[in-house]
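In what follows, a single structure is set out as structure tokens and then discussed.
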Amino acid sequence: MIRAIAMAMTANTISYPSFGLLAETKYSVKTRKRKSKLMNSISNSDLTLMSSFLDVGWYARMKCSSFKNRKQKNLSKLVVNELGGQYEEVFNDVKLALRNRFTKKAVRTVLYQLYEMNPPQYIWLHNFIAENDPEEGKLFLKNLSKENQDLAERVMITRLHLYGKWIKQCDHGEIYKEISDENLELMRERLLETIVWPADDKST
């Protein structure tokens with residue numbers, strides 16, 4: 001009797017832990033299989049971004065947002081001019097306008113000199129200017145050289161001389177400041193135009 005009770009107690013102490021270990025082993029095997037499938041579906045570069053607290057939808061949105069940010073960062077390196085497309089850091093149009101402007105100024109200078117020193121030449125050049133625009137620059141000088149080579153050479157020498165004087169007197173810092181001050185003045189005037197002042201009502 002005592003031996004039977006001891007055997008029963010021994011069986012109980014052995015069987016219950018074995019059942020617990022067996023159940024735990026089956027659960028751990030299933031869990032490891034699930035984790036391995038999940039880890040295989042995710043690349044190694046994305047492991048640091050995943051968490052047990054994040055769902056799949058959030059992860060997809062995060063990846064899409066990251067791609068858009070990289071794309072916008074690359075596009076931000078391009079400087080675009082809204083009026084002329086992609087902006088190039090060249091100022092050939094400014095240099096052309098400057099040459100044409102000095103051509104016109106040289107023509108006016110020569111015309112003033114002829115008015116005092118050679119009235120017939122003054123009249124001829126005045127009539128020529130009426131049919132040809134000095135601000136066309138090179139084209140104007142080409143047509144003038146066909147009609148009067150001496151006057152054309154005089155205008156070319158005069159515009160080069162005037163440009164040399166302008167270079168010595170030109171202060172780029174001053175020009176920059178003038179442009180900046182003019183911008184501020186225009187914005188200030190526009191702001192004053194858009195302000196709605198309260199009505200002067202004595203009753204209120």
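The values are calculated or read from the model by the stated rules, or taken from the named source; none is laboratory data. Predicted model only: the values in this text are computed from it and were never measured. Note that each Cβ is placed from the backbone with ideal geometry, even for glycine, and that neighbours are counted across all protein chains shown. These area figures cover heavy atoms from the full protein model, side chains too; ligands, DNA and RNA do not enter into them. Shrake-Rupley method; radii C 1.70, N 1.55, O 1.52, S 1.80 Å.
Kindly list, by first and then second residue, each pair from a residue in the stretch 149-160 that is free of Cβ contacts under 8 Å to residues at least 24 places away in the same chain to a residue that is crowded, with 17+ Cβ neighbours inside 10 Å, limited to pairs with Cβ atoms under 6 Å and residues at least 6 apart or on different chains. From residues that are free of Cβ contacts under 8 Å to residues at least 24 places away in the same chain, the pairs are ALA152/LEU141; ALA152/LEU144. Pairs linking a residue in the stretch 104-121 that is more than 22 Å from GLU136 (Cβ to Cβ) to a residue that is surrounded by fewer than 18 Cβ atoms within 10 Å (Cβ to Cβ), with Cβ atoms under 8 Å and 6 or more positions apart or on different chains, are TYR115/TYR122. Residues in the stretch 89-112 that are touching a Leu at 6+ places or on another chain (Cβ under 7 Å) and open to solvent by 60 Å² or more (accessible area, probe 1.4 Å): LYS105 only.
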